[in-house]
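Working notes, beginning with the structure itself.
The values are calculated or read from the model by the stated rules, or taken from the named source; none is laboratory data. Bear in mind the structure is a predicted one, so any value in this text is a computation, not a measurement. Counting neighbours? That spans all protein chains shown, and the Cβs are built from the backbone with ideal geometry, glycine included.
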Amino acid sequence: MIEFIDETSCTACGKCVEICPTDVFDLASASAIIAHKEDCTSCMNCELYCPHDAIYVSPLKDPEVGLDRSAIIASGVMGSYRKALHWADGRGPSGTGDNWALQLRERQGERPPPPSDKIRTQLYSVRDRNLIG
Amino acid sequence: MTHDHSGYGGSEFDIDLSTDVLVIGGGPAGVWAALSAIDDGSTVVVVEKGYVGTSGPFGVGANTGIYYIMPNDREQRDAIVAARQPIAFGLSDPAWGYRVFDQSYANLDAMAKWGFEWPRNSGGKEDRGSLRGPTIMAFLRSVLLKKGGIVLDHSPALELLKSDGAAAGARGVNKQTGQTWQVRAGSVVIATGGTAFLSGIVGDRTHTGDGYLLAAEAGADFSGMEFTGQYHAAPLETNLTRGAYRSGVGTYYDNNGKPTLEGRQLVQALLETGGAWDQLDKTNDPVTQDLIRKTHALCFQYFERKGIDPFRQRYPINFVLEGTMRAGGGIAIDDDLQTRVPGLFAAGDVTSREKLVGAGPPGGGPASAWAFATGHIAGRSASAFSKSARGRGGVRAVTGAGRIGIETVAKPRVTTEEVLRVVKEEIHPLEKNYWRTGAGMQRSIERFESLWRDVATGLGPVSQGDAKSTARERLKTREAAALLATGRWIYASANERTESRGLHRRKDFPDMDPGQDGQHILSGGLDTVWLRRTPHVNTLTNSQGT
C-alpha cells in the first residue's frame, strides 16, 4: 500500500494522478497528495511512472505502522523498482529491456519433469522450439 | 425495463461520442479488440475504469507467461494443445486451442513489426513467451493512440445502451472530473476482466464484475460459473498471488515444518495446522538466485523492502481468492466472441474460457493467450457487426439497459458497505468456496437472495456534494450490485453441479460424476437466477492442427 510522497522530489507534474488505475492521488499546488490511500492495491505503477522517484509504495497490503520515512529515503530504495524494470522519465523501454528470464532458464537448465506430470512433460518435449530466429 | 437519461442530471452528457465500435475495458483483451477493429477499418473508442496501461492483473509488473505456437511446427502445435486437455476435464474444444495459440503468435509477431524488442537468449534467438505487463501495456497504448483509437481513462461504464435489441453503446462517468459520458456505437466489446471479489489481491480493486452485470442487464448469459473456486498462495502480509518466482525452487511447509504440496494439501495445512510457510530453498547457486531476483522484480520488492531473504528464511503465506481473475467461468460466447445479445461481444477474462481450458485452471500462459487472441477476434467480429445492417454505424436511437443501482432511491433499503460485507463473508472463506457443500451454499444463496431483493429496489447512489464524489458513489453502487449478482450466479451453478470437477470442489460430492461428463451449466437472470445444462459440442469444425 502506498505510504508517502517525498514532497522535496515531487514536482507536481501529475503523472501519478494520470496513470493510477484507482485514483489514489490528487494534485495540490506544490505536489501530488495521497487522497484515497484505501483504494491502493500496491500495483506499484506510480513508482514506475514517476519521473522523480518521489513515491514509496510499501509491499504490505495494509498500512505500515511507525514507518520511518527519512530512513527509507536514505536507504536508496526510492526508484529501485523503476530501475529494475528499465523505466525512465515515465516511459518503458522499447522492449522487455533485459533477457534475465532467458538467462535464468539457461542457468537452471531444464530437467525433464516427472513422467507423472503429463502436462509439463508434453510442454518440456517442445520447450525450445518457440525460440525465433 | 428501460429508461432514458434520468439519473445523469437531465438529458445532456458532458461527453457525447459516436463510434463504430465501443470497447469497455482497456487491459490486454480490450486493447487488442480495439487494434483489430481499427485494422478492419472501424473507428474505436475505449472506455477504461482505471488507466489503459496500468489497470488490472496484467498491468501489474509481475512476469506473466503467454502461450503461442509456431505456425509450421506440427509437433509443437499438437503437444501444446494436447497438454491442456487432461486438465480440461472434457469441457474444452481442442480446435479452439489451435485457434487461440495461433492468434497469440500473430499478435506477438505484430508487436515485433511495430517495433517491440523481444529478449534474445545467448544464441541470439528471440523469446516471446514471457511478458512484463506494464511495459507491454504502455507499448500497446502508444500503438493504439497512433492508430487513431480514442481512449477515455478513469471512465467506468455504468450501463449499456441498446437499440432494437442490439447493443448500441454505453454510458458512464469520469471518476476524476465527475463528467458524464455517452458513447453510441454500432457494436460493443466487453473486456472488463474477472473478479476476485475484492479479496485484496494485487490489481483487483478495478475488477469488480462490472462487465457481468452490464452484460446480464442487456440479456447475456454465463457458462461455467461453478469453475471459479480459484485461490492462490501469497506472502501473508502482501497481496501478491503470484507463483512464477518460486517455480522449481520453492517449498511449502505446514505450520509444523512439514513439507507440503501446493493446492489441496496446502489448503489442508492452513486449515488444520493453523498456518503455512514458503522458502525458496531448492537452489544454493548465487547466480540463479540473483537472476530470480531480477526476473521477478515485483515479487522481490516485498523481500527486499522488508529485509527477508527468501532463499534462507521461511516466510508465512496465506491462500487468497483469485476468483474469475484466474478461473475460467464467465460470459457465454460463440465462435465469433459474440454473447447472446446481438452486437455485444466479449473478450478476455470476462468471458467463459471453457473452450480453451474446460473446467480447469487457465494458468498465466493460456490466460494471456486467451486475452490477446479473443481480444483480436472480438474486435474483428464487432467491426463486422458494426458495418452490417444491424450495426448501422452507431447512429440509432438508443435506450439505457441499466437496471440495478443506477437511479437514486428515495428510501435506500441497504448500503453498498452492507452488500460488500455479505458478499465477502460468503465468497472469500476457503471453507465456503474452495471446499463447497450443498448445505453451505444453500445458506449463502438464501442470504444472497434476501439481500438481492433489497438491492433490486432499494440500492442506489446517495447524492453527494460535488460531481466527482457523485461519480465515485455511482461507481461504488454498481460495483456492489455487480459483485452480489456474480456471487448469485456462481453459487447457483455450483449448487447445481453435484460433483467435483476442475476448479469446482465439493465436500459432499468429492469425485467426478461420469453422468455429468460433457455438460456445461449455463446461468443468468437478475430477478430470478436461472440454470440450464447443455451438452458440450466442439463448435469449430476444422481442427487447425492438422
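For B:Ala369, only one of the following conditions fails: (1) closer than 22 Å to B:Gln230 by Cα; (2) part of a helix (DSSP H, G or I); (3) modelled with pLDDT under 95. What is its number? Looking at each condition in turn, B:Ala369 falls short on (3).
The single condition among (1) touching an Asp or Glu at 6+ places or on another chain (Cβ under 9 Å); (2) of a type in the set (D, E, K, R); (3) surrounded by fewer than 22 Cβ atoms within 10 Å (Cβ to Cβ); (4) part of a helix (DSSP H, G or I) that B:Asp511 does not satisfy is (4).
Residues in segment B:158-188 that are buried (at least 24 other Cβ atoms within 10 Å of the Cβ) and over 27 Å from A:Val17 (Cα atoms): B:Leu160, B:Leu161, B:Lys162, B:Ala167, B:Ala168, B:Gly169, B:Ala185, B:Gly186, B:Ser187, B:Val188. Which residues, taken from segment A:80-89, are at the interface with chain B (Cβ under 9 Å from one of its Cβ atoms) and either surrounded by 18 or more Cβ atoms within 10 Å (Cβ to Cβ) or part of a loop (DSSP other than H, G, I, E, B) (or both)? Matches in segment A:80-89: A:Tyr81, A:Ala84, A:Leu85, A:His86, A:Trp87. Among the criteria (1) within 10 Å of chain B (Cβ to nearest Cβ); (2) within 24 Å of B:Val287 (Cα to Cα); (3) not aromatic (Phe, Trp, Tyr), the one A:Pro112 does not fulfil is (1). Here B:Ile150 clears all of (1) surrounded by fewer than 23 Cβ atoms within 10 Å (Cβ to Cβ); (2) of a type in the set (A, V, I, L, M); (3) within 14 Å of chain A (Cβ to nearest Cβ) except the condition numbered (3). Among all positions in segment B:96-106, there is no residue which is crowded, with 20+ Cβ neighbours inside 10 Å, of a type in the set (Phe, Trp, Tyr), out of contact with any strand residue (DSSP E or B) (no Cβ under 7 Å at 6 or more places or on another chain) and assigned to a loop (DSSP other than H, G, I, E, B).
Yes or no, residue by residue, for (1) outside any loop (DSSP other than H, G, I, E, B); (2) facing another protein chain (nearest Cβ under 8 Å); (3) under 19 Å from A:Thr22 (Cα atoms):
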| position | (1), (2), (3) |
| --- | --- |
| B:Ala29 | yes, no, no |
| B:Ala34 | yes, no, no |
| B:Glu75 | yes, yes, no |
| B:Asp78 | yes, no, no |
| B:Val81 | yes, no, no |
| B:Gly90 | no, no, no |
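Let's see how each residue does on (1) surrounded by 17 or more Cβ atoms within 10 Å (Cβ to Cβ); (2) of a type outside the set (Gly, Ala, Ser):
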position	(1), (2)
A:Ala54	yes, no
A:Arg69	no, yes
A:Met78	yes, yes
A:Gln103	yes, yes
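The condition (being surrounded by fewer than 22 Cβ atoms within 10 Å (Cβ to Cβ), at pLDDT 95 or above, hydroxyl-bearing (Ser, Thr, Tyr) and in a strand (DSSP E or B)) is satisfied by just one residue among B:Thr528, B:Thr534, B:Thr498: B:Thr534. Tell me whether segment B:192-212 contains one or more residues that are in the same structural domain as B:Gly56 (by TED's automatic domain parsing), surrounded by fewer than 24 Cβ atoms within 10 Å (Cβ to Cβ), over 20 Å from A:Cys20 (Cα atoms) and of a type outside the set (S, T, N, Q). Scanning segment B:192-212 turns up no residue that is in the same structural domain as B:Gly56 (by TED's automatic domain parsing), surrounded by fewer than 24 Cβ atoms within 10 Å (Cβ to Cβ), over 20 Å from A:Cys20 (Cα atoms) and of a type outside the set (S, T, N, Q).
Out of all the residues in segment B:279-315, which are over 24 Å from A:Asp98 (Cα atoms), not hydroxyl-bearing (Ser, Thr, Tyr) and not in a loop (DSSP other than H, G, I, E, B)? Listed by number, the residues that qualify are B:Gln279, B:Lys306. Does segment B:343-351 include one or more residues that are part of a loop (DSSP other than H, G, I, E, B) and within 24 Å of B:Gln103 (Cα to Cα)? Checked segment B:343-351: at least one residue is part of a loop (DSSP other than H, G, I, E, B) and within 24 Å of B:Gln103 (Cα to Cα).
Taking segment A:13-37 as the range and being surrounded by 15 or more Cβ atoms within 10 Å (Cβ to Cβ) and away from chain B (no Cβ under 12 Å) as the test, the residues that pass are A:Cys13, A:Ser31, A:Ala32, A:Ile33, A:Ile34. Checked against (1) at pLDDT below 95; (2) part of a loop (DSSP other than H, G, I, E, B); (3) out of contact with any strand residue (DSSP E or B) (no Cβ under 7 Å at 6 or more places or on another chain); (4) within 11 Å of another protein chain (Cβ to nearest Cβ), A:Arg120 meets all criteria but (2). Please specify each residue of segment A:29-62 satisfying the condition of being over 27 Å from B:Thr135 (Cβ atoms), of a type outside the set (Asp, Glu) and either modelled with pLDDT under 95 or not in a loop (DSSP other than H, G, I, E, B) (or both). Within segment A:29-62, A:Ser29, A:Ala30, A:Ile33 qualify. Selection over segment B:420-456 of residues that are closer than 18 Å to B:Phe319 by Cβ, surrounded by fewer than 20 Cβ atoms within 10 Å (Cβ to Cβ) and of a type in the set (A, V, I, L, M) gives a count of 1. Evaluating A:Val77 against the criteria (1) in a helix (DSSP H, G or I); (2) within 22 Å of the chain's Cα centre (by Cα) leaves one unmet condition, (1). For segment A:90-109, name all the residues that are part of a loop (DSSP other than H, G, I, E, B) and either in contact with a Gly (Cβ under 9 Å, 6 or more places away or on another chain) or under 30 Å from A:Tyr49 (Cβ atoms) (or both). Scanning segment A:90-109 gives A:Gly90, A:Gly92, A:Pro93, A:Ser94, A:Thr96, A:Gly97, A:Asp98, A:Asn99.
Conditions tested, residue by residue: (1) within 11 Å of another protein chain (Cβ to nearest Cβ); (2) among the charged types (D, E, K, R).
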residue	(1), (2)
B:Leu160	no, no
B:Asp164	no, yes
B:Ala168	no, no
B:Lys175	yes, yes
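Filtering segment B:413-456 to residues that are within 22 Å of B:Gly229 (Cβ to Cβ), polar (S, T, N, Q) and assigned to a helix (DSSP H, G or I) leaves B:Asn433, B:Gln442, B:Ser444. State which residue pairs qualify: first residue over 13 Å from B:Tyr253 (Cα atoms) and inside segment B:271-289, second residue modelled with pLDDT of 95 or more and surrounded by 20 or more Cβ atoms within 10 Å (Cβ to Cβ) in any location, beta carbons under 6 Å apart, and separation of 6 or more residues or different chains. Going by the 6 Å Cβ cut-off, the qualifying pairs are B:Gln289/B:Phe311.
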